[in-house]
Amino acid sequence: MNEHNGSPAAEVELDALVVGAGITGIYQLYRLREHGFTVKALEAGGGVGGTWYWNRYPGCRFDSESYSYGYFFSPELRDEWTWSEEFAGQPETERYLNFAVDRLGLRPYIEFDARVASAEFSEEQSRWLVTTTAGAVYRARFLITAVGLLSAPVFPAAPGLEEYRGESYHTALWPAAPVDFKGKRVAVVGTGSSGVQIIPFVARDASELTVFQRTANWCTPINNRPISSEKAERIRARFDELHELCLSTPAGFIHRPRDLAAFEVSDADRTAWFQRLYDEPGLTMVMNNFRDITTDAAANAAVTDFIRAKIRERVQDPAVAEMLIPDDHTYGMKRPPLENGYYEVFNQDNVELVSLREEPIERFTPTGLATTRREMDFDMIVLATGFEAATGSLTRMDIRGSGGRELGDHWEAGPRTHLGLQAAGFPNLFIVGGPQSTTGNIPRATEIQADLVTRLLTFMTEQGHSVVTTSREAEDTWIDIVADSVRGTVLENARSWAFGSNIDGKKRAYLLWSGGIPAYRERCEEAFADGFRGFVFG
Ligand code: NA7
């Protein structure tokens, strides 16, 4: 094997090529190198971090506890890195991932500014031929994508954005140079997690802020706080235990649902519990609540009513409060944004909330935008309009399997995978952190997959198998299991990116897995123990 010599024109031969050097790709790269494979990672960005490289807008931060998000496998990282806050901001997470890459000696194996232009499987050579937009060519036995669940940005379909002459930014493509909102008339479009995080920063400095909301969300306080040195030491001492805890909870967080159902306690106790969670850091309202808040309609209504009352309490103008209360979904149907002073922003004189349900954006103009009712001028337009989740980052790459079939065509009616790991007709392609695989606290979900891929590749090498793929039957089985995982929960009817509903014309299909991390792991282990059921070796 010869590894890349640095010249973009050279054709590089590898055992495996990892696409993406975010938290998942870095780990996959580490594991494969540890097992003796020649491997490189291609990273579209100029640095490591993925989500934490691109989303550098003010206010961007975790909703997972920092130490539950970081790597657990390395004693060096455990001993030498200390998180400063319960929920680290983007700059700290980007620093952490850079620290990890350097400490683990991985930087020489990552090509930066290397965006995949096409990836094609050659049946004659049993190799993936991968070309970057800069013209570099790689040949690898295995192609492993670690491109993130939320990394293909979506822009509003309304025409004219390219003619807008003011400053404009998408939160997921935020520039490294500071952006100054001071004294400017700023529009923010989108009120998902990114919008909810950036809006208080814009409101603080802008002369006028207009928030364009298509769908309101149920937001609860993040209650972020510094991690004391005593707590940092306790975390270090309990490191392995915390890892096991995360892997044993449904969503990979340190929190688990209560054993109690919401109506097994008195009304007063139920409200007191909701209040306690409202005052606690993080996603406890959804993770540490009564066990039935997403499965029982009355329990779900109780928690939804509690948060509705909080919004009414915090927003002074009752009409604005009503606009900020979701009317199309209840609490827990979507991953709820965490906020810090979000609702109070709407009590400021310089802030206006516009409902895009009442007046959709018709077009962007050279000086701002026009809704169906009026034209407005802005110095800056911030798009916090989200992502084509799960499939977008994969189908936007030109991935072609057997017979030149494109992954986007294979997934035309929705993603098809076996265990979220492979797609039929795409030999030796592995998807880590993609559709139909477990989500929640992302690194806890994807480390399981990266380990499975490493085991599979090691097994193949030992057995002398050159090719592995899966079958349509195995995909059909997994599609049914994935659909079952969400059936009967409040998520089932959500209009959210988890079903592709934020993309006009996209067929509705559940893109994630709702069975929880332990059940996902168990199913994969069962299949592996049963002679790698669903995988076909050649
Ligand atoms: P989200 O959660 O998808 O939010 C995007 C927001 O932008 C949401 O309010 C959308 O409304 C809105 N949106 C999307 N397209 C448009 C158009 N064309 N016009 C107006 N408004 C639009 O993405 P985020 O980046 O905030 O967060 C992603 C995840 O990161 C989040 O779920 C956390 O898990 C972490 P909609 O709701 O689609 O009606």
>> At a threshold of 8 angstrom on Cα-Cα distance, excluding pairs fewer than six apart, so keeping six or more, what relative contact order does region 13-88 reach in percent?
In response: 26 percent
>> Under the rule of at least 5 residues apart or a separate chain, name every residue whose amide H is placed under 5 Å from the amide H of Val351.
In response: Leu209
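With a 1.4 Å probe and all protein chains left in place, how much accessible area per residue does region 278-322 have, in Å²? List each step's numbers first, then the result.
Details: 1870 Å² over 45 residues.
Value returned for region 278-322: 42 Å² of accessible area per residue.
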> Taking Cα centroids, how far is region 494-538 from region 108-132 in Å?
Replying inline: 25 Å
> With +1 on each Lys and Arg Cβ and -1 on each Asp and Glu Cβ, how big is the dipole of the chain about its Cα centre, in debye rounded to the nearest 20?
Replying inline: 140 debye
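Using the heavy atoms of the protein chains and a 1.4 angstrom probe, tell me the accessible area per residue for region 482-538 in square angstrom. Walk me through the intermediate numbers first.
Numbers: 2810 Å² over 57 residues.
That works out to 49 Å² for each residue.
Given Cα pairs under 8 Å that are at least 6 residues apart, what percent is the relative contact order of region 407-538? Present the calculation step by step, with values, prior to reporting the outcome.
Numbers: 168 pairs, mean separation 43.6, N = 132.
For region 407-538, the relative contact order is 33 percent.
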>> Amide H of Ser168 versus every other amide H placed in the peptide plane: which residues, excluding those fewer than 5 positions away on the same chain, fall under 5 Å?
In response: Ile381
> So, in Å, what gap is there between the alpha-carbon centers of region 60-87 and region 416-484?
Replying inline: 27 Å
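For Glu120 and Asn223, what is the calculated FRET efficiency with R₀ set at 45 Å and r taken between the beta-carbons, to the nearest 0.05? Write down the numbers at each step before the final one.
On the way: r = 49 Å, r/R0 = 1.09.
In this case the efficiency is close to 0.40.
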> How would you rank 391-398, 196-203, 179-186, 491-498, highest first, on the average number of other Cβ atoms within 10 Å across their residues?
Replying inline: 196-203, 391-398, 491-498, 179-186
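Count the DSSP beta bridges whose two residues both fall in the chain, then state the antiparallel fraction as a percent rounded to the nearest 5.
Numbers: 25 of 65 bridges.
Taking every DSSP beta bridge with both residues in the chain, the antiparallel ones total about 40 percent.
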> Going by alpha carbons, how many degrees (0 to 90, nearest 10) lie between the helix axis of 517-529 and the longest principal axis of the chain?
Replying inline: 10 degrees
>> With the crude spin-label approximation of a point 7 Å out along Cα→Cβ, what separation in nm comes out for Asp349 versus Arg165?
In response: 3.1 nm
> For the chain, with the dipole built from +1 on Lys and Arg beta-carbon atoms and -1 on Asp and Glu ones, taken about the Cα centre, which of Gly531, His329, Thr38 lies farthest toward the positive end?
Replying inline: Thr38
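Determine the share of region 311-361's accessible area contributed by carbon and sulfur atoms, expressed in whole percent, with a 1.4 angstrom probe. Don't skip to the answer; put the middle values down first.
Numbers: 1080 of 2370 Å².
For region 311-361, the apolar C and S fraction of the accessible surface comes to 46 percent.
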> Given a Förster distance of 30 angstrom, what is the FRET efficiency for Glu85 paired with Lys182, based on the Cβ-Cβ distance and rounded to 0.05?
Replying inline: 0.70
> Once amide H atoms are placed 1.01 Å from N in the peptide plane, what residues at a sequence separation of 5 or more from Ile399, or on another chain, have their amide H within under 5 Å of its amide H?
Replying inline: Ala119, Leu407, Gly408
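Expressed as a whole percentage, what fraction of the accessible surface of region 79-152 belongs to carbon and sulfur atoms when a 1.4 Å probe is rolled over the protein heavy atoms?
Looking at region 79-152 in its full context, I get 46 percent from C and S.
What's the FRET efficiency of Glu34 with Val536 using the Cβ-Cβ distance as r and R₀ = 35 Å, to the nearest 0.05? All intermediate terms of the calculation are to be shown ahead of the outcome.
Values: r = 27 Å, r/R0 = 0.77.
The pair Glu34/Val536 has a calculated efficiency of 0.85.
Kindly state, as a whole number, the per residue volume in cubic angstrom of the convex hull around the alpha carbon atoms of the chain.
On the way: hull volume 81.7 nm³, N = 538.
Measuring per residue, one finds 152 Å³ for the Cα hull of the chain.
Treat every Asp and Glu Cβ in region 352-478 as -1 and every Lys and Arg Cβ as +1, leave all other atoms uncharged, and give the resulting dipole magnitude about the Cα centre to the nearest 20 debye. Intermediate values should be presented prior to the final figure.
Working: 11 positive and 18 negative charges, 63 e Å.
Computed about the Cα centre, the dipole is about 300 debye.
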> With the other protein chains left in place, how much accessible area per residue, in square angstrom, belongs to region 345-391 at a 1.4 angstrom probe?
Replying inline: 40 Å²
> Taking the Cα-to-Cβ direction at Glu264 and at Arg234 and moving 7 Å from each Cα, how far apart do the two end points lie in nm?
Replying inline: 2.7 nm
> Using helices alone, what [θ] at 222 nm do you get for the chain, with -39,500 (n - 2.57) per DSSP H run of 4 or more residues, divided over all residues and rounded to the nearest 500?
Replying inline: -9500 deg cm²/dmol
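May I ask you to derive the relative contact order of the chain, considering only C-alpha pairs under 8 Å and at least 6 residues apart, and to give it as an integer percent? Before the final figure, lay out the partial values.
Numbers: 1092 pairs, mean separation 102.5, N = 538.
Computed over the chain, the figure is 19 percent.
The values are calculated or read from the model by the stated rules, or taken from the named source; none is laboratory data. Bear in mind that the values here come from a model prediction, so they are computed numbers and not experimental data. Methodologically, a virtual Cβ is constructed for each residue, glycine included, from the backbone with ideal geometry; neighbour enumeration extends over all protein chains shown. These accessible areas exclude ligands, DNA and RNA; they are computed on the full protein's heavy atoms, side chains included. Shrake-Rupley method; radii C 1.70, N 1.55, O 1.52, S 1.80 Å.
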